[in-house]
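Chemist: Starting off with a structure, shown below.
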Amino acid sequence: MRQTKSQDIQKRIKQTVKALSAGIWEKDRLIAMGILCCVSGESLFLLGPLGTGKSLIARRLKEVFGDSRAFEYLMSRFSTPDEIFGPVSIRKLREEDCYERCTDGYLPSADIVFLDEIWKAGPAIQNALLTVLNEKIFQNGAVTMKLPLKLLIAASNELPKEDEGLEALWDRFLIRCVSDCIENEAAFYKMLRQDTPATVEMNPSLRISAAELETWNRAITGIELPDNILKTITRIRLELKALSKAENTDPLDFYVSDRRWKKTVRILRTSAFLNNRSSVDQTDLLLLFHILWNKTECMGPVATAVIKSLFAEIQSGMEELTRKTEYTPDEEKQSPEAQAPSKAESTFKVYNYFYVKLLPSFPTAQPCDIYFVLNDYSQLSLSKPSTGIRYRDDRMGGDIVRTLSAPVSGLQGQAATVSLLRGQDSVLINGKEYFLEKSSSIGSSINSLINRQYIPDISHLHLEEEVHSIRKSFDSLKSLLIDSNGNIFISGQDIRPVKKYAQTVERTINALEVKIESMQTNGV
């Protein structure tokens with residue numbers, strides 16, 4: 001079996017999904033999720049009514065691996081452990097006084113296992129399945145068997161009933177998907193007209209060998225989990241905690257165990273690897289739609305919690321910017337702190353309420369008055385340079401220097417960006433030191449030296465840059481999650497609620513852009 005190059009893996013998985021989906025309709029996303037579980041070694045639960053292809057999907061997935069052995073069983077309340085794990089060996093019991101099962105041909109010898117109507121299994125079967133699902137081991141008498149199991153698929157038309165001790169088994173199924181009837185009428189007509197082959201002929205080169213799977217598992221372990229992804233996971237956890245505290249809500253409805261989070265990260269890394277990436281990104285987090293829910297009524301709130309967390313930084317930035325656009329100078333005038341002169345105002349000579357003159361510490365060929373805002377000066381760092389802007393103001397009769405939160409573009413011929421650093425009663429502009437002009441007395445600095453002339457307002461420059469930054473972040477995230485989402489495990493059905501939420505966010509950004517443009521035009 002050839003070793004597949006990493007850049008071919010995504011294409012190969014796509015071809016595998018297409019091959020396994022032949023003759024069945026609207027089930028490609030479930031098959032893709034099954035392959036994801038196969039490679040990651042996790043379990044898959046399919047919820048859906050009778051006749052929606054759950055068993056067919058399970059039979060198709062056994063073709064993923066070469067020479068795989070499959071085991072399938074329809075559970076009932078009369079099912080016994082012998083029917084699942086194999087009968088007790090009479091010979092061993094009689095000759096060696098050893099209680100051991102003959103497992104060949106049963107679950108412990110299979111690579112792919114499908115258990116239909118899983119919740120009808122009795123307690124003895126359920127207890128044995130706990131270690132099968134979690135540790136991939138089976139206790140066969142005195143022997144602990146390490147199982148070749150790569151994928152266990154369970155299916156049912158209902159979720160486990162409460163207060164029947166099924167919580168631990170339900171928690172072991174990491175990926176939880178819904179298998180519905182065909183929605184698209186064209187696909188439905190094709191299903192009626194065409195025969196569905198019981199088996200598929202798949203190119204042997206698409207099958208995953210044991211050696212390949214081992215190599216992939218090592219590579220998956222090394223997939224990076226960036227800080228921004230961890231921060232988003234933290235936000236999701238907080239959202240779920242808030243949901244669990246809502247009125248008339250059972251806290252367990254939104255409970256996710258540490259074990260599930262640990263296994264979830266394995267799924268995210270596997271998704272990144274099979275999409276030819278060395279790092280988990282936001283598209284992988286959409287898989288949480290199918291991991292974090294415990295009841296069908298929780299699916300919508302869980303999806304919303306994930307989407308809100310993905311857009312949380314953008315939403316926070318918009319809220320902060322909205323507060324800034326709603327600020328009025330009257331608020332500052334009414335503030336007692338604003339009415340009292342600051343220490344700097346009582347030390348330095350003040351012009352036009354806000355400005356202090358900068359005096360160069362070096363000889364200049366062409367002297368020019370330079371004014372600096374005292375409030376900006378108090379916020380400068382002594383060690384970390386800040387970005388500023390220098391522009392000409394004829395009414396002040398000199399240049400104005402202001403600090404900015406980000407560089408301003410598109411101001412050629414009007415202004416220039418500069419580097420600012422605070423000194424001892426001085427400002428370093430592009431490394432050159434300018435001293436703040438001192439006042440001779442408190443009275444003159446506050447009263448006689450203030451002339452009530454035009455005070456230029458460049459606050460819109462800050463706001464423009466901030467809304468531009470928000471727009472850029474939003475466009476980048478929207479492109480990744482919606483417009484150019486190339487994650488082979490994310491379906492159009494997954495993207496639909498993301499798109500709806502993004503449209504609401506974009507309307508808010510559009511309104512902010514219009515408001516800030518109006519402020520600039522009107523000189524607010």
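Chemist: Does region 192-212 hold any residues that are of a type in the set (S, T, Y) and surrounded by 12 or more Cβ atoms within 10 Å (Cβ to Cβ), and which are they?
Modeler: S209
Chemist: Which residues, taken from region 116-141, are open to solvent by 70 Å² or more (accessible area, probe 1.4 Å) and of a type in the set (S, T, N, Q)?
Modeler: N127, Q139
Chemist: Within region 462-498, how many residues are crowded, with 16+ Cβ neighbours inside 10 Å, closer than 22 Å to L30 by Cβ and out of contact with any Lys or Arg (no Cβ under 7 Å at 6 or more places or on another chain)?
Modeler: 9
For (1) among the acidic types (D, E); (2) within 15 Å of L292 (Cα to Cα); (3) assigned to a loop (DSSP other than H, G, I, E, B), each residue gets a yes or a no:
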{"site": "I229", "(1), (2), (3)": "no, no, no"}
{"site": "T234", "(1), (2), (3)": "no, yes, no"}
{"site": "R237", "(1), (2), (3)": "no, yes, no"}
{"site": "L240", "(1), (2), (3)": "no, yes, no"}
{"site": "T249", "(1), (2), (3)": "no, no, yes"}
{"site": "D253", "(1), (2), (3)": "yes, yes, no"}
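Chemist: Select from region 122-162 the residues that are in a helix (DSSP H, G or I) and of a type in the set (V, I, T) and write down the one among them that is farthest from K54 (Cα to Cα).
Modeler: Among them, the one singled out is T131.
Chemist: To continue, here is another question. T508: touching a residue at least 24 places away in the same chain (Cβ under 8 Å) and either open to solvent by 20 Å² or more (accessible area, probe 1.4 Å) or assigned to a loop (DSSP other than H, G, I, E, B) (or both), yes or no? Write out each step before concluding.
Modeler: Values: touching a residue at least 24 places away in the same chain (Cβ under 8 Å): yes; either open to solvent by 20 Å² or more (accessible area, probe 1.4 Å) or assigned to a loop (DSSP other than H, G, I, E, B) (or both): yes.
Criteria met by T508.
Chemist: Another question, then. Across region 102-115, what is the total count of residues that are exposed (fewer than 14 other Cβ atoms within 10 Å of the Cβ) and in contact (Cβ under 8 Å) with a residue 24 or more places away in the chain?
Modeler: 1
Chemist: Exactly one of (1) in a loop (DSSP other than H, G, I, E, B); (2) under 29 Å from the mean Cα position of the chain (by Cα); (3) more than 20 Å from I175 (Cα to Cα) is unmet by E42. Its number?
Modeler: Unmet condition: (3).
Chemist: Something else about it: Could you look through region 426-449, keep only residues that are buried (at least 16 other Cβ atoms within 10 Å of the Cβ) and among the small types (G, A, S), and pick out the one that is modelled with the lowest pLDDT?
Modeler: Applying the filter and picking the extreme gives S445.
Chemist: Turning to a different aspect of this structure: Please go through (1) open to solvent by 80 Å² or more (accessible area, probe 1.4 Å); (2) out of contact with any Asp or Glu (no Cβ under 7 Å at 6 or more places or on another chain); (3) closer than 26 Å to L47 by Cβ; (4) among the acidic types (D, E) for D253 and return the number of the only condition it doesn't satisfy.
Modeler: Tallying (1) open to solvent by 80 Å² or more (accessible area, probe 1.4 Å); (2) out of contact with any Asp or Glu (no Cβ under 7 Å at 6 or more places or on another chain); (3) closer than 26 Å to L47 by Cβ; (4) among the acidic types (D, E), D253 fails exactly one: (1).
Chemist: Identify, please: which residue in region 84-101 is without any contact (Cβ under 8 Å) to a residue 40 or more places away in the chain and open to solvent by less than 40 Å² (accessible area, probe 1.4 Å) and is, among those, nearest to the chain's Cα centre (by Cα)?
Modeler: It comes out as G86.
Matching residues to (1) open to solvent by less than 10 Å² (accessible area, probe 1.4 Å); (2) part of a helix (DSSP H, G or I); (3) not acidic (D, E):
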position: F289; (1), (2), (3): no, yes, yes
position: E297; (1), (2), (3): no, yes, no
position: G300; (1), (2), (3): no, yes, yes
position: T304; (1), (2), (3): no, yes, yes
position: K308; (1), (2), (3): no, yes, yes
position: M318; (1), (2), (3): yes, yes, yes
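Chemist: Turning to a different aspect of this structure: Considering only residues that are in contact with a Pro (Cβ under 9 Å, 6 or more places away or on another chain) and aromatic (F, W, Y), which ones fall in region 143-179?
Modeler: W170
Chemist: Looking at S244, S278, which is the one that is open to solvent by less than 30 Å² (accessible area, probe 1.4 Å) and among the small types (G, A, S)? Before the answer, list the steps.
Modeler: Numbers: S278 fails: open to solvent by less than 30 Å² (accessible area, probe 1.4 Å).
None of the others qualify; the one that does is S244.
Chemist: Given T215, T144, which one is open to solvent by 40 Å² or more (accessible area, probe 1.4 Å), out of contact with any strand residue (DSSP E or B) (no Cβ under 8 Å at 6 or more places or on another chain) and of a type in the set (S, T, Y)?
Modeler: Selected residue: T215, the only one of T215, T144 that is open to solvent by 40 Å² or more (accessible area, probe 1.4 Å), out of contact with any strand residue (DSSP E or B) (no Cβ under 8 Å at 6 or more places or on another chain) and of a type in the set (S, T, Y).
Chemist: State the number of residues belonging to region 147-160 that are open to solvent by 30 Å² or more (accessible area, probe 1.4 Å), touching a strand residue (DSSP E or B) at 6+ places or on another chain (Cβ under 9 Å) and not acidic (D, E).
Modeler: The number of residues fulfilling the criteria is 3.
One line per residue, one yes/no per condition, for (1) among the aromatic types (F, W, Y); (2) in contact with a helix residue (DSSP H, G or I) (Cβ under 8 Å, 6 or more places away or on another chain); (3) modelled with pLDDT under 90:
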site	(1), (2), (3)
P123	no, no, no
P160	no, yes, no
C181	no, no, yes
R193	no, no, yes
L206	no, yes, no
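Chemist: Here's a check for you: in region 167-182, which residue that is under 23 Å from G122 (Cβ atoms) and among the acidic types (D, E) is least open to solvent (accessible area, probe 1.4 Å)?
Modeler: By that ranking, first place goes to D171.
Chemist: I'd like the full set of residues that are open to solvent by 50 Å² or more (accessible area, probe 1.4 Å), in a helix (DSSP H, G or I) and modelled with pLDDT under 90, limited to region 53-83.
Modeler: Of everything in region 53-83, those that are open to solvent by 50 Å² or more (accessible area, probe 1.4 Å), in a helix (DSSP H, G or I) and modelled with pLDDT under 90 turn out to be R59, K62.
Chemist: Now for a different question. Among the residues of region 258-275, which ones are farther than 18 Å from A303 by Cα and either part of a loop (DSSP other than H, G, I, E, B) or open to solvent by 20 Å² or more (accessible area, probe 1.4 Å) (or both)?
Modeler: Matches in region 258-275: D258, R259, K262, K263, R266, R269, F273, N275.
The values are calculated or read from the model by the stated rules, or taken from the named source; none is laboratory data. Predicted model, so just to flag it, every value in this text is computed and none were measured. Cβ sites come from the backbone with ideal geometry, for glycine too, and all protein chains shown count toward neighbours. Ligands, DNA and RNA are stripped out before the accessible areas are found, and what is left, the full protein with its side chains, is counted by its heavy atoms. Shrake-Rupley method; radii C 1.70, N 1.55, O 1.52, S 1.80 Å.
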